[in-house]
1. Out of all the residues in segment 375-396, which are in contact with a helix residue (DSSP H, G or I) (Cβ under 8 Å, 6 or more places away or on another chain) and farther than 20 Å from residue 467 by Cα?
2. Please list, ordered by residue number, the strands (runs of 3 or more DSSP E) wholly in segment 63-175 having 3 or more residues that are open to solvent by less than 60 Å² (accessible area, probe 1.4 Å) and out of contact with any helix residue (DSSP H, G or I) (no Cβ under 6 Å at 6 or more places or on another chain).
3. Give all pairs with beta carbons closer than 8 Å in which a residue from segment 7-25 that is within 23 Å of residue 58 (Cβ to Cβ) and modelled with pLDDT of 65 or more meets a residue that is open to solvent by less than 70 Å² (accessible area, probe 1.4 Å) and assigned to a loop (DSSP other than H, G, I, E, B); count only pairs at least 6 apart in sequence or on separate chains.
4. Which of the residues belonging to segment 435-490 are closer than 18 Å to residue 422 by Cβ, at pLDDT below 75 and among the small types (Gly, Ala, Ser)?
5. Out of the residues in segment 395-405 meeting the condition of being part of a helix (DSSP H, G or I) and in contact with a strand residue (DSSP E or B) (Cβ under 9 Å, 6 or more places away or on another chain), tell me which one is most open to solvent (accessible area, probe 1.4 Å).
6. With (1) open to solvent by less than 70 Å² (accessible area, probe 1.4 Å); (2) on the phi < 0 side of the Ramachandran plot as the list, and residue 272 as the residue in question, which single condition is left unmet?
7. Does residue 202 satisfy the condition of being assigned to a helix (DSSP H, G or I) and more than 27 Å from the chain's Cα centre (by Cα)?
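The values are calculated or read from the model by the stated rules, or taken from the named source; none is laboratory data. Small disclaimer: the values here were computed from a predicted structure and weren't measured. Quick reminder, even Gly has a Cβ in these numbers, built from the backbone with ideal geometry, and neighbours come from all protein chains shown. To get the accessible areas, we keep the full protein, side chains included, count just its heavy atoms, and leave off ligands, DNA and RNA. Shrake-Rupley method; radii C 1.70, N 1.55, O 1.52, S 1.80 Å.
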Amino acid sequence: MSADKTNMQNLTLEKTLETIPSGVFVVNNDMQIVYWNPTAERITGHSAEEAVGQHCSFLQGVPCGEKCGLFNAKIPKPIIGASCTIITKSGETVHLLKNVEYLRDGEDNIIGGIESFIDITRQHSLEESLRDQALELENRVDERTRELKKSETRFRTVLDNMDDMAYIATEEHQLTFMNRAMQEIFGDRAGEYCYEILHDEERPCPWCPMDKVFRNRTLRDERPLGDRGRLYEIIHSPLPEENGLKQKLAVCRDITERKKTEQDLLDANRELDAFAHSVSHDLRGILAPVVTYMDFLRLTYAEVFDEQILEILSEVEHQSERAIALLDDLLDLAQVSHIKPGEHPTDAKMIVDEVLRELDVENPDHPEVLVGELQQTWLPESLVYQVFSNLLGNACRYSPKESDAIEVGCWDETHQITYYVRDHGPGIPHKERELIFDIFYRGKTANGNRGTGVGLAIVRKIAARCMGQAWVEQTSGGGATFCVSIPKVPAFDSSGQEES
């Protein structure tokens, strides 16, 4: 090879080493630096003039002598990805990532070594920061885990000290916890299936609320547990997921005695209603002929009796008709008992139209009635009729014909429908708005209008029987707005489970 060509190659190599982004230096076999590129100057702060001729150990922090990786025959070459730390000329600590290899002549003799390095101080700092954050996160997770374990321990201690039975089950129906009260009756059966232990079933119960519970709903249920003949109210609630494990908590309260008492009360109320029905029916049978006789006497002997006797006969007939109306209302009130959904949804609009047709015949001089959109309801037609017959009857009876129109409508809410009848009559004084629903109570605004004081009591009883409410508000500008809220679905679904 000619000397010119060799010089050209050396110039090209030197130019390349001056432009690469890595620091590069070359040492001879005496470990003296013979070449120091510009990037090495930038990283270390030492110029080529300061570095060339120096022993490579002049950089603080660089291992040298026996520890030198380049001239340690036991360490295979090349060395790739080694790391070290140096102190720069300005005193800063710099972390390096380097590669080391021998330099050989044409006859493969070692004539020195070459080292390339890059500054990874920022990367090293980020890695340390990430390690610190990971350690902090690990410590926080450990601390939170300890807190959760303490919380779980406290939670289970509370459950263990309850008189009510309680258990926790997975979505696969496997019992993971039974409190002390439950273990006293069933033994510690954790790990077994709830449907086998509690309900003596071979597979999950048809009424199992698990799917609803895991849709974040709380349900109340009434079921016998085991073979002791006891009835329990069971409240099923979802628990927070832990490591992807879905579980529910069930708290079981013995309501056997309570249900017996409720049944005794129902029986007593049923007997009382039957008695009221019988008495009302019998008295009505007595009074109906009295009205007929008084009417007969008044018409037949109108020319014979003097005016005073005719007035007495008319008053007896009027009071007998009032008594019959009262007995009819009492019969209606007595017949409002446990409400079961109708076979088909009830068209409230159709019922209101029917009531208005009857009122037009009975009292044609009432204000105009505007009927808005009315939602259907599960309440039976007979009870919807009772509600609107009483509310519209009162509105038409107490509102002057020249007053603004009576309005009938409803509010469609999340869990209920609220029907309202709004009039612009004399209204209800604030202190009477609760009393007005009591049986036989008639407000000061009655002013001699016909009525028995039972109609609003019927409305409130119907609302209460279906877990709804009845109340009255003041109409803006004067008047009364009577409202009745009805749940969109019966309080108990077909499986006997109640949602809350």
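1. In the first step, residues of segment 375-396 are kept if they are in contact with a helix residue (DSSP H, G or I) (Cβ under 8 Å, 6 or more places away or on another chain); the result is 375-377, 379, 381, 383-394, 396.
389, 392, 393, 394, 396 - these are the residues of segment 375-396 that are in contact with a helix residue (DSSP H, G or I) (Cβ under 8 Å, 6 or more places away or on another chain) and farther than 20 Å from residue 467 by Cα.
2. On the way: elements: 79-87, 93-104, 110-119, 165-170.
By residue number, 79-87, 93-104, 110-119.
3. 17/37; 18/37; 20/37; 23/37; 24/37; 25/37
4. 443
5. Initially, segment 395-405 is screened for residues part of a helix (DSSP H, G or I), giving 395-398.
Filter again for in contact with a strand residue (DSSP E or B) (Cβ under 9 Å, 6 or more places away or on another chain), leaving 395-396, 398.
On the way: 395: 2, 396: 5, 398: 60 Å².
Filtering segment 395-405 for residues that are part of a helix (DSSP H, G or I) and in contact with a strand residue (DSSP E or B) (Cβ under 9 Å, 6 or more places away or on another chain), the one most open to solvent (accessible area, probe 1.4 Å) comes out as 398.
6. Condition not satisfied by residue 272: (1).
7. Working: assigned to a helix (DSSP H, G or I): no; more than 27 Å from the chain's Cα centre (by Cα): yes.
For residue 202, the condition - assigned to a helix (DSSP H, G or I) and more than 27 Å from the chain's Cα centre (by Cα) - is not met.
Listed here are the residues, each with its yes/no results for (1) surrounded by fewer than 21 Cβ atoms within 10 Å (Cβ to Cβ); (2) within 30 Å of residue 343 (Cβ to Cβ).
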site: 367; (1), (2): yes, no
site: 375; (1), (2): yes, yes
site: 378; (1), (2): yes, yes
site: 381; (1), (2): yes, yes
site: 384; (1), (2): no, yes
site: 388; (1), (2): no, yes
site: 393; (1), (2): yes, yes
site: 411; (1), (2): yes, yes
site: 419; (1), (2): no, yes
